[in-house]
1. Show me, for the range 116-130, the HN-Hα J-couplings you get by feeding each phi into the Karplus relation (A = 6.51, B = -1.76, C = 1.60, θ = phi - 60°), rounded to Hz, glycine and proline as x.
2. Ignoring everything but the protein chains, give the 1.4 Å probe accessible area of Ser38 in square angstrom, nearest 10.
3. Got a sec? Charge dipole of the range 152-227, +1 on Cβ for Lys and Arg, -1 for Asp and Glu; which of Gln165, Gly176, Gln214 is way out at the positive end?
4. Residue separation times 0.36 nm, minus the C-alpha to C-alpha distance between Asn116 and Asn99: what's the value?
5. For the range 156-164, in order, what is each residue's ³J(HN,Hα) by Karplus, 6.51 cos²θ - 1.76 cosθ + 1.60 with θ = phi - 60°, in whole Hz (x at glycine and Pro)?
6. Between Leu175 and Asp33, take the C-beta separation as r, use R0 = 35 Å, and let me know the FRET efficiency to the nearest 0.05.
7. Give the Debye-formula value of log10 I(q)/I(0) at each listed q (0.09, 0.16 Å⁻¹), with one equal scatterer per alpha carbon of the range 71-201, two decimals each.
8. Note the full-extension length gain between Tyr208 and Lys150 as 0.36 nm times their separation in residues minus their Cα-Cα distance, in nm to one decimal.
Amino acid sequence: MVEQKDSMTKSRTIFNDLDASEENFDSGITEVDSVCMSCFKNGRTKLMLTRIPFYRDVVISSFACDHCHYVNNGIESANRIQANGVRYKLIVSDPKDLNRELVKSDFALFKIPLVNFEIPEGTQKGYLTTIEGIIDRVITNLEADIELRKEIDPDSCVKIADFVQKMRDLKDFKLGNFEVILDDPSGDSFIENRIAPAKDPKMSVNFYKRTVEQNEMLGLNNDENIV
């Protein structure tokens, strides 16, 4: 009986289910020294292999440099690029929707049509966040931009401040319900279905065949990198 238990232990996957509890989070982290791309001194990268429920295995990374305080977080699929692209459309109608987990790959386009907001594909590294997390990130980045522009371009600061307020109103549902669109030709992005495995009435998920141009963008000249 003991031998059977040992055999089962050895065959377990190295990818653990995503778990925010402190004891499980710390136990799944690997730390390695790595060069900071800002100051070129040694920094520290933390890697965690994890499985997101109803999605797939991913590698979450977090880099920090104690010398220049540069930080960089990211997420990558542990699998090869998917056979099809994927497009998510979600109606956000309550605070619970804001807390839905979201994986945005390097190649994904993210849009909120109600406020004409868009994050184009290829402009950001992949990351794991929530709907609210993306909105908060936009607000934080734009507020920092306002401080930089105050003296050199005060007119644009007013427009940016107006948009920041619009994003705050969006998050507080003062603009009503809103739609988010996540379109990823690599198929590696994801929006959480809170009632999975049941169908989510607020969300549509459509898989589509990539165009030749999209395959070229992904570096796919043949089928070797496709699941």
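The values are calculated or read from the model by the stated rules, or taken from the named source; none is laboratory data. Being a predicted model, the structure only gives us computed values, none of them experimental. So basically every Cβ, Gly included, is an ideal-geometry build from the backbone, and we count neighbours across all protein chains shown. The protein model used for the area step is the full one, side chains on, heavy atoms only, and it has no ligands, DNA or RNA in it. Shrake-Rupley method; radii C 1.70, N 1.55, O 1.52, S 1.80 Å.
1. Values per residue, Gly and Pro as x: 6, 9, 8, 10, x, 5, x, 9, 9, 5, x, 7, 9, 7, 10 Hz.
2. Its heavy atoms expose roughly 70 Å² to the probe.
3. Sorting the options by dipole projection puts first Gly176.
4. 4.0 nm
5. 3J(HN,Hα) across the range 156-164, in whole Hz: 5, 4, 5, 5, 5, 4, 5, 5, 4.
6. Using R0 = 35 Å, I get an efficiency of 0.15.
7. -0.29, -0.86
8. Gain on extension, Tyr208 to Lys150, equals 16.4 nm.
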